[in-house]
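First comes the structure, then the notes that go with it.
The values are calculated or read from the model by the stated rules, or taken from the named source; none is laboratory data. Please read all numbers here as calculations on a predicted model, not as lab measurements. FYI the Cβ positions are ideal-geometry reconstructions off the backbone, even for glycines, and counts take in every protein chain you see. When the accessible area is computed, the model is the full protein with side chains, heavy atoms only, and any ligands, DNA or RNA have been set aside. Shrake-Rupley method; radii C 1.70, N 1.55, O 1.52, S 1.80 Å.
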Amino acid sequence: MFEIRVICDNTDTDHITAALDEAFNVSPVITCVPTRDGKQVRLYATANHRAAHVGWPTPDDAYATAPSILDELEWINRTAAETGWDEELDRQYYLRKAAVFDRIALRNAADEDRSDTAGNEDVAEAAAVMLLDYDKTGRELYGGTPYPPGHPAAEADPRGYVRQEYALWSVCACDDSSELPCLKHPSA
């Protein structure tokens, strides 16, 4: 931890505070007394360096054990139809939906003859944001390793967050009592 003191024009405080927040993990910035000449203000904060981004699992690693895209789409459609309009879908639904749309977008982006990859990217991004928002509610277990749903890295790359969560979810830990409850079978 270290302390930061900035002397600046009063009109620059918001800009400087935003820049500090972007560069460091910063405590609330305190605006102190004006400088002796009264033309500037002093800003004080304590800060820590931001941890380096660890990185997301590669699509190959995250989806190594995933069922085929067609099987996943069938499961998503069947689950949505069976749940009905009056019941809320669970986390597994949102996770598998986001993962399959991410896989479709990745596959179509790799196909150089496709001209409509932007639509697939948008759908994958929207599904990823839905999972991220669902996980922020805390209604069900999520992996969150290394990045929980509210972390800036997860917010900046929701599809990376989907890959992280799918990789964690796809590993069943029910046989290891130290890992219970399992993300794949939370009620086991």
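Exposure check, 1.4 Å probe, all protein chains in place: residue 15 carries approximately 140 Å² of accessible surface.
Rounded to the nearest 500, what is the chain's calculated 222 nm mean residue ellipticity when only DSSP H runs of at least 4 contribute -39500 (n - 2.57) each, over all residues?
Values: 7 runs with 87 residues, N = 188.
That comes out to -14500 deg cm²/dmol.
Over the chain, what percent of the accessible surface lies on carbon and sulfur atoms, probe 1.4 Å? Roughly 51 percent of what the probe reaches on the chain is carbon or sulfur. For the chain, the longest principal axis of the Cα atoms and the long axis of helix 13-23 meet at an angle of about 50 degrees.
Listed values (1) 28; (2) 43; (3) 57 include one computed from this model; for percent of Cα pairs over 28 Å apart that value carries the label (2).
Let me check something: with ligands and nucleic acids excluded, how do 97, 39 order by accessible area (1.4 Å probe), largest to smallest?
Greatest to least solvent exposure: 39, 97.
Counting heavy atoms of the protein chains alone, residue 169 has an accessible area of about 10 Å² for a 1.4 Å probe. Compute the acute angle (0 to 90°) between the alpha-carbon long axis of helix 91-110 and the principal axis of greatest extent of the alpha-carbon atoms of the chain; round to the nearest 10°. Helix 91-110 sits roughly 90 degrees off the main axis of the chain. Placing unit charges on the Cβ atoms of the charged side chains and taking the dipole of the chain about its Cα centre, the candidate lying farthest along the positive direction among 73, 18, 99 is 18. Think of a 1.4 Å ball rolled over the protein heavy atoms: the chain then has 62 Å² of accessible area per residue. How far, in degrees from 0 to 90, does helix 117-136 lean away from the longest principal axis of the Cα atoms of the chain, to the nearest 10? For 117-136 against the chain, the angle is about 70 degrees.
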